[in-house]
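To keep things clear, I will list the structure first and then write my remarks on it.
The values are calculated or read from the model by the stated rules, or taken from the named source; none is laboratory data. Remember, predicted model here, so these are calculated numbers, not experimental data. Using ideal geometry, Cβ is built from the backbone for each residue, glycine included, and neighbour counts are taken over all protein chains shown. Side chains are part of the model used for accessible areas, which takes the heavy atoms of the whole protein and leaves out ligands, DNA and RNA. Shrake-Rupley method; radii C 1.70, N 1.55, O 1.52, S 1.80 Å.
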Amino acid sequence: MTRTGTESTPFAYPFNTPEGLGLAEEYERTRRRPGLLRVQLPYGEAAWLVTRYADARLVLGDPRFSRAMGAERDEPRQSEGRTDAGILGMDPPDHTRLRSLVAKAFTVRQVEKLRPQVRALATGLLDELEAAGPPADLVDRYALPVPVAVICRLLGVPVEDRPRFRVWSDAALSTSSLTAEQFHANREELRAYMAGLIDLHRRSPQDDLMTALINAREADGDRLSELELVDLCVAVLVAGHETTASQIPNFVLTLLDHPEQLALLRKDPALITNAVEELLRFVPLGSGASQARYATEDIEVGGTLVSAGDPVVVATGAANRDALRFTAPGVLDIERPAGQHLGFGHGAHHCLGAPLARMELQEALGTLLHRFPGLRLAGDVTWKTEMLVRGPRVMPVAW
């Protein structure tokens, strides 16, 4: 068993490049090495990097690894600014208390009620796209408006305010040269906006998630402080659209790069559910692992003894390509039996909105491919840079 790696210089991290969706070769080399790899992110203390599937499930699912400890430490991160991670930075029972308040809005049953609305929304956007004619930016005209409209509807964000929170959301997920002061100022602007929206909902309750959370706060203040209410709404708003808005064009690009799989999906549209699961496994969304977990006691992970207090970061994109878990992991196979990929994480912090994201991806992708059988790129893709999630910022298409 490897004791520690502190005597050697940590490897610079992250490995993935922002321009593209490839999985860096360093991940495969790391998986072949015994034990865990010690890495150094641009900011914060060095951490252990997990790249194997079994190790990832252990760290993400074992309560002996804490997210809350990160608030007391110089947490490994890609930007200078440190966000108050809210629910994402909590451990049970606080995490459980907040999660339970939101969870009922994101059950499969509740999400399925939204499917006809999402399909109609996607169809309407494609009507506009077709009327405008090619070339068109798939991101701005389709991939972004779908999840933005859905999450704004859930939270009761006015249509005219949607462009404003796009700027705040970009900054919240930025790994750029934003200083800690700029990062903090952006966060406070978004909090102030959300507090104002909550006040409007208090005066004029709506049939939406925000009103439900306000009612939970009013009924039992011990369950939800005012700041927790604000940050919970911020977390739902940011996390509820950015990843899906990135994965829609990512999945389209990946299918265009695998024409035999695209042809298979066109031939059998019923494969869309399975195809989305396989794409979630295959496409490494993050530029690198984040959200460090801290060992609360000495724990062996993958042949390495992680000492109490050591941070560990989990590369789910690499774990999803582990040959010990998936046959031919580097091959996109939309007929692959849906396995337990880590595209939505695992354990207590498994993505709360996974059912909503799955449904949106199924509808957005299925509706698009059905409408435009000749869909193709019509120019160079401009990639997001300096963001925690990867994907096209501009993606010109024709049909």
Sorted by chain and then number, the residues having a modelled amide H within less than 5 Å of the amide H of residue 11, at least 5 places away or on another chain, are 38, 39, 40
Distance between Cα centroids, the range 333-399 to the range 25-46: provide it in whole Å.
27 Å
Spin-label point model (7 Å from Cα, Cβ direction): what's the residue 327 to residue 181 distance in nm?
5.9 nm
Karplus-derived 3J(HN,Hα) from phi for the range 295-310 (6.51 cos²θ - 1.76 cosθ + 1.60, θ = phi - 60°), whole Hz, x at Gly and Pro, runs 5, 8, 7, 5, 9, 7, 10, x, x, 10, 7, 8, 6, 3, x, 7
Answer in debye to the nearest 20: the dipole magnitude of the chain about its Cα centre, from +1 Lys/Arg and -1 Asp/Glu charges placed on Cβ, is 800 debye
Over the chain: helical MRE at 222 nm, DSSP H runs n ≥ 4 each giving -39500 (n - 2.57), nearest 500:
-15000 deg cm²/dmol
I need the phi-derived Karplus couplings for the range 134-139: 6.51 cos²θ - 1.76 cosθ + 1.60, θ = phi - 60°, integer Hz, Gly and Pro marked x.
x, x, 9, 7, 5, 5
Can you find, among 388, 352, 377, the residue sitting farthest towards the positive end of the charge dipole of the range 330-399, where Lys and Arg contribute +1 and Asp and Glu -1 at Cβ?
377
Between residue 381 and residues 5 or more places away or on another chain, the pairs with built amide H atoms under 5 Å apart involve none
Phi to ³J(HN,Hα) by Karplus 6.51 cos²θ - 1.76 cosθ + 1.60 over the range 334-346, Hz, x for Gly, Pro
6, 9, 4, x, 4, x, 8, 5, 10, x, 10, x, 6
For residue 295, other-chain or 5+-apart residues with amide H closer than 5 Å (H placed, Pro excluded) are 66, 309, 310, 312
Tell me, in nm to one decimal, what length is gained between residue 225 and residue 203 on full extension, where the rule is 0.36 nm per residue of separation less the Cα-Cα distance?
6.1 nm
So the FRET efficiency between residue 73 and residue 33, C-beta based with R0 = 35 Å and rounded to 0.05, is 0.85
Per its Cα gyration tensor (rounded if a/c is under 1.5, else prolate when a/b beats b/c, else oblate), the chain is best filed as oblate
What is the Rg over Rh value, at two decimals, for the range 258-371, using alpha-carbon atoms and the Kirkwood definition of Rh?
1.06
Computed about the Cα centre, the charge dipole of the range 295-388 from +1 Lys/Arg and -1 Asp/Glu charges at the Cβ has a magnitude in debye, to the nearest 20, of 540 debye
Accessible-area order for 96, 316, largest to smallest, probe 1.4 angstrom, reads 96, 316
Report P(r) for the range 207-247: all Cα-Cα distances, bin width 10 Å, range 0 to the bin holding the largest distance, values in whole percent.
29, 44, 21, 6
Heavy-atom accessible area of residue 48, protein chains in place, probe 1.4 angstrom, given in Å² to nearest 10, is 0 Å²
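Using only the C-alpha atoms of the range 294-359, find the volume of their convex hull and express it per residue in Å³.
Taking only Cα atoms, the range 294-359 has a hull volume of 111 Å³ per residue.
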